[in-house]
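What follows is a short report on a single structure.
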Amino acid sequence: MQRVTTQPRQDWIKIVEKQGLIWHTTNDKPYWNESVYYSFTGEESARLESASNTLYSMFEEAGQYIIDNNLFHKLGIPEWVVPLIVEAWDMEVPSLNYGRFDLGYDGKDIKLLEFNADTPTSLLEAAVIQWQWKEEVKPSADQFNNIHNAFVDKFTDIAPYMNAEFVHFAHIADWAGEDTLTVTYLRNIAEEAGIQTIPILMDDIGWNPILNRFTDCDETEIKTIYKLYPWEWIVNEEFGQNVAKSDTKWIEPIWKMMWSNKAILPVLWEMYPNHPLLLESYFSDEHEAGELQRFFPTVIKPILSREGANITIIDVNPFDDSDVLAATGGNYGEEGHVVQKYFPIRETAKDRYPVLGTWIVDGVCVGMGIREGGIITNNTAQFVPHVIEG
Amino acid sequence: MKKNTPLFNLGLLTTAAAALALSGCGQSQPQYLAQNQNAKICTDNNGKRVKENKCERRGGHGGGGFFWMFMSGGSRVPGYGGRAYGGSRYATPGRSYTSGRSFSGRPVTSASSRGGFGSSARGYGGGSSFSSGS
């Protein structure tokens, strides 16, 4: 893996906006950064692909393990949600089976940082924008990227099971546009696959208590809905419990709650201790967490935190004197914490630490997108393209 | 992994970019045209149905941000404020279209309550790059 600086295309802003990336700048700093790209060998890319596929099958085992051992309380999942998760898991309800692994890579070891299995973003950047950049700037190189086609195939595959004339696609009204455009991109693909789509804001989803159904603005029943909105928010909101009363099919299904929270990290370590793809992890109240912290730098993560909020990196803690190496603020933490051994991502440039995001669609790894940020990746990280050369 | 990624259809994306303020729900119920019925409704730039008088200005040709949408038999005619799908900006020659006024729909009843989702995003939100995703 090499970091290479390069010239951005002259009209890059206009170009990426036309392709849908209207959130290319954050707080006046570029978010889409095409002054840099990463170059990988074919062998590296194959290793990352294989590692991601292995991790996915480990997550499948972990889902069953959580159900068989009734570990839901450790994941902060409300009791009333548990039967819904078990039913959706057992019935294998229609799903895109997609997500984004965040991996640390130091040139030798590949380590799972976490799995964004419910509402992964940076999709448009990974599937489309970086491909278009490559075709224009590095046309003879390859890229680890079959994401768009994989979504087309998967939507085509599940179209007959949608049980609805229209599939609703829900998101928040985010003025930066990332959620709106990401969902619109998926709607594009669904329509390519022959599915008719209706956009709806999460706030506009209605509940008809007589008919026990979710409705859209026209009082049409919402039979199948894709949402870019996390399950852990839905189940705690006013309409959350109505999910249990209605027949609405949700994409992604509710069982994704088992995978998209950080509590799965200590579960995986318990199932696969010392696995080369895993970082040693425990729940913060476990004895082993304290032992780990005595000898290694660790990262403390709230079970449900997002976009790098409330993360603390602590240096070795032999005598209960902690040395905080880095920390971020936020509103998460009530639900509990995990302690994960710190993995030193290579600093490839000053204050630039790349996190590799490998994309899974239909349970298979189909591409990668890279975000470069500070030592804790948050929403100021920049997306940078990559190529495969050699 | 050199795969041919086709240039996807940008149409929906550019419409979405213009319609970021996709706001709430309309004021009347949708209706369905019979198979031998065709109708024309008036919509704004975002594809939302508005009152016919907005298109009937300017000699009935629309314009000024409002357009006729021609719906054919079997189509779903949205209520006012609702989104139109499956129609065309162009009339089929030889076909006659009933004015949308004949499909003004019953007022939306309060059968459903709304606003029961979305509060968490407002709670954590703010900031130029806030997203519900991760």
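The values are calculated or read from the model by the stated rules, or taken from the named source; none is laboratory data. What you see is a predicted model, and the numbers here were worked out from it, not measured in a lab. Note: ideal-geometry Cβ built from the backbone for every residue, glycine included; neighbour counts use all protein chains shown.
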So, in the stretch A:130-161, of the ones that are more than 11 Å from every other protein chain (Cβ to nearest Cβ) and in contact with a strand residue (DSSP E or B) (Cβ under 7 Å, 6 or more places away or on another chain), which residue ends up nearest to A:Glu17 (Cα to Cα)? A:Lys138
Considering each residue of the stretch A:215-235, count those that are more than 10 Å from chain B (Cβ to nearest Cβ), assigned to a helix (DSSP H, G or I) and charged (D, E, K, R), and give that number. 0
Residue that is surrounded by the most Cβ atoms within 10 Å (Cβ to Cβ), among those in the stretch A:1-18 that are aliphatic (A, V, I, L, M) and in a helix (DSSP H, G or I): A:Val16
Give the residues of the stretch A:183-227 that are in contact (Cβ under 8 Å) with a residue 40 or more places away in the chain and acidic (Asp, Glu), sorted by residue number. A:Glu192, A:Asp216
Would you mind stating whether A:Asn69 is over 25 Å from A:Ile251 (Cα atoms) and touching a Pro at 6+ places or on another chain (Cβ under 9 Å)? no
Could you say whether any residue in the stretch A:82-96 is among the hydrophobic types (A, V, I, L, M, F, W, C), under 30 Å from A:Gly20 (Cα atoms) and touching a residue at least 40 places away in the same chain (Cβ under 8 Å)? yes
Scan (1) under 21 Å from B:Gly79 (Cβ atoms); (2) buried (at least 24 other Cβ atoms within 10 Å of the Cβ) for the single condition A:Leu123 breaks and write down its number. (1)
Please determine, by comparing only the residues of the stretch A:162-182 that are touching a residue at least 40 places away in the same chain (Cβ under 8 Å), part of a loop (DSSP other than H, G, I, E, B) and within 7 Å of another protein chain (Cβ to nearest Cβ), which one is surrounded by the most Cβ atoms within 10 Å (Cβ to Cβ). A:Ile172
Breaking point among (1) in a helix (DSSP H, G or I); (2) surrounded by fewer than 21 Cβ atoms within 10 Å (Cβ to Cβ), for A:Glu238: (1)
Note down all Cβ pairs under 9 Å where the first residue falls in the stretch A:21-43 and is away from chain B (no Cβ under 11 Å) and in contact (Cβ under 8 Å) with a residue 60 or more places away in the chain, the second is crowded, with 20+ Cβ neighbours inside 10 Å and among the basic types (Lys, Arg), and they're at least six residues apart or on different chains. A:Tyr37/A:Lys134
Run down A:Leu103, A:Leu84, A:Leu112, A:Leu55 and say which single residue is closer than 20 Å to A:Trp359 by Cβ, aliphatic (A, V, I, L, M) and either more than 19 Å from the chain's Cα centre (by Cα) or not in a strand (DSSP E or B) (or both). A:Leu55
Any residue that is crowded, with 21+ Cβ neighbours inside 10 Å and under 28 Å from A:Asn149 (Cβ atoms) - is there at least one of those in the stretch A:200-219? yes
Only one of A:Ala62, A:Ala46 is more than 28 Å from A:Trp250 (Cβ to Cβ) and modelled with pLDDT of 95 or more. Can you tell me which? A:Ala46
